[in-house]
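Input: a single structure, listed below in structure tokens.
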Amino acid sequence: MKKEIVPCVIGLGYVGLPVFLRLQLNFKTIGFDINKERISTLKNKHDYNKEFRDNQLILKKNSYFTFLKKELTKANFYIVTVPTPINFKKKPDLRLLKDASYTISKYLKKGDIIVYESTVYPGTTHYLVKKYLEKYSKLKEDRDFYVCYSPERVNPGDVKHSINKIKKIIAIKSSNKIIQKTVVNVYKKITTKLVITRFIEEAEAAKVIENIQRDLNIALMNDLLIYSDKMGYNFQEILRLASTKWNFLKFNPGLVGGHCLPVDPYYLYFHAQKNKIKLKTLLAGREVNNYMKFFVKKKIERNIKRFQNKSINPKILICGLTYKKNVSDIRNSFALDIYLDLKKKYKNVNAFDYVCNNKIVKKYRLIKRINNQLNYHLIVFLVNHKKNSEIYQQAIKNKIKVLDIFNFY
């Protein structure tokens, strides 16, 4: 009798939920998260990350959400999608990944398959197998259970590159043909565009360099924006002219936040240092992109000072606080940091972000709706959410001072 595959997705955030929703169309799938509030809202068919509509959370194939660890014993195909941040020393923080691995080890059975999707530095999967899965389960990898790595490529807010439309790497170390076929058959239900490899450490490295490359390219544009600003040049015109060359890669400047770009370079840097390898360009993008918070804040303060020199205590509106456009995620958001810093220093500073969920709106006392009458002296655009263009047009029409540092509009 053919063994029934029961997947369990561990971690139901921006990465795990899309994976779960794809799998539950074809398998009885368990969605596990230690966050009870997250489980409660998902059971009530609501995604507070605003990536999925309520009607997209209708479950099929007897699939379900749970925070109970004992439910993991019902699964035989574990997919780990927990966050892997950095700590205050900018070192990899693997605590959630270690906890997830330890939890799985307590329920691991012969024939089970584990796939890690969390972003890590090369060698982490091997480390987790030896120090957690094998150690606590008393089972042996590639004999009793099998481990793969499939780096996540979820891009929040990007409908064009949703998980079912993208190429997805799957590193299958085992030479067991049945295991290989099982893994491919499961992952084909997520996306049919699979890129197969047997090399786990190379797949781990590929993930981090994807984001490091982007971080460096944005940093170059940010550096050139700073240069243009100080020289009094029109940066948009420079970019327009340079873009006419056939091999020019067009990247836009901006505040770089979120869970990937501000984190991944430090993961590879940590691994290089550990192996006494000096990489000269790796953190160059981080230095520039981290500085942008201070560059933007200074520009806003210079405009505030101009009003103060005229004995005006200006009313200021910051538009956009999340780390990127049309996404509710505020992790590592420089826009939010800038707003909070300005609010401490100046009296009349408000922020508008209709994309943020109600919990964030309440916590930071944000404005979620803007009246037709814009009663502000200065409006600053830090994130180009779709509806912010309407406020920009209205501000221009009403002759309100606008600061659009990154030329969104």
Selection count, the range 47-61, where residues are more than 17 Å from Val327 (Cα to Cα) and part of a helix (DSSP H, G or I): 3
Evaluate the range 126-135: report whether one residue or more is closer than 17 Å to Thr197 by Cα and either touching a His at 6+ places or on another chain (Cβ under 9 Å) or not assigned by TED's automatic domain parsing to the domain that holds Thr182 (or both). no
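Take Ser162 and tell me if it is at pLDDT 95 or above, part of a loop (DSSP other than H, G, I, E, B) and surrounded by fewer than 20 Cβ atoms within 10 Å (Cβ to Cβ).
Judged against the criteria, Ser162 is not a match.
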What do you reckon, is Gly258 under 14 Å from Phe406 (Cα atoms), part of a loop (DSSP other than H, G, I, E, B) and not aliphatic (A, V, I, L, M)? no
Only one of Gly31, Gly123 is of a type in the set (Gly, Ala, Ser), closer than 20 Å to Val154 by Cα and touching a residue at least 12 places away in the same chain (Cβ under 8 Å). Can you tell me which? Gly31
Within the range 213-245, which residues are of a type in the set (S, T, N, Q), within 11 Å of Asn407 (Cβ to Cβ) and either in a helix (DSSP H, G or I) or at pLDDT below 95 (or both)? Ser228, Gln236
Cβ contacts < 6 Å: first residue under 16 Å from Lys347 (Cα atoms), restricted to the range 364-377; second residue surrounded by 15 or more Cβ atoms within 10 Å (Cβ to Cβ) and acidic (Asp, Glu), any location; separation 6+ or different chain. Result? Leu366/Asp353
Please give the number of the condition Leu261 fails out of (1) under 15 Å from Leu220 (Cα atoms); (2) in contact with a Lys or Arg (Cβ under 8 Å, 6 or more places away or on another chain); (3) free of Cβ contacts under 8 Å to residues at least 24 places away in the same chain. (3)
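Does the range 45-52 contain any residue that is hydroxyl-bearing (Ser, Thr, Tyr) and at pLDDT below 95?
Checking the range 45-52: at least one residue is hydroxyl-bearing (Ser, Thr, Tyr) and at pLDDT below 95.
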For the range 250-263, give me each residue that is touching a Ser or Thr at 6+ places or on another chain (Cβ under 9 Å), at negative phi and surrounded by fewer than 23 Cβ atoms within 10 Å (Cβ to Cβ). Lys250, His259
Residue that is nearest to the chain's Cα centre (by Cα), among those in the range 334-348 that are among the aromatic types (Phe, Trp, Tyr) and either buried (at least 23 other Cβ atoms within 10 Å of the Cβ) or within 26 Å of Val288 (Cβ to Cβ) (or both): Phe334
In the range 148-190, what residues are touching a residue at least 40 places away in the same chain (Cβ under 8 Å), touching a helix residue (DSSP H, G or I) at 6+ places or on another chain (Cβ under 9 Å) and β-branched (Val, Ile, Thr)? Val154, Ile163, Ile170, Val186, Ile190
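Criterion first (among the aromatic types (Phe, Trp, Tyr), part of a loop (DSSP other than H, G, I, E, B) and under 18 Å from Leu268 (Cβ atoms)) does Tyr121 satisfy it?
Yes; evaluated as a whole, the condition is true for this residue.
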Looking at Arg306, Arg302, Arg365 in this structure, which one is surrounded by fewer than 15 Cβ atoms within 10 Å (Cβ to Cβ), touching a strand residue (DSSP E or B) at 6+ places or on another chain (Cβ under 9 Å) and modelled with pLDDT of 95 or more? Arg306
So, Lys90, is that one in the same structural domain as Leu133 (by TED's automatic domain parsing), touching a residue at least 24 places away in the same chain (Cβ under 8 Å), surrounded by fewer than 20 Cβ atoms within 10 Å (Cβ to Cβ) and not in a loop (DSSP other than H, G, I, E, B) or not? no
Checking Ser101, Ser150 in turn, the sole residue that is farther than 19 Å from Phe199 by Cβ, at pLDDT 95 or above and of a type in the set (S, T, N, Q) turns out to be Ser101
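Mind checking which residues of the range 281-327 are small (Gly, Ala, Ser), within 13 Å of Gly254 (Cα to Cα) and in a helix (DSSP H, G or I)?
Gly285, the sole residue that qualifies.
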Which listed residue is touching a Phe, Trp or Tyr at 6+ places or on another chain (Cβ under 7 Å) and closer than 19 Å to Cys260 by Cβ, from Tyr132, Tyr149, Tyr136: Tyr149
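The values are calculated or read from the model by the stated rules, or taken from the named source; none is laboratory data. The model shown is predicted, which means the values in this text are computed figures rather than measured ones. Note: ideal-geometry Cβ built from the backbone for every residue, glycine included; neighbour counts use all protein chains shown.
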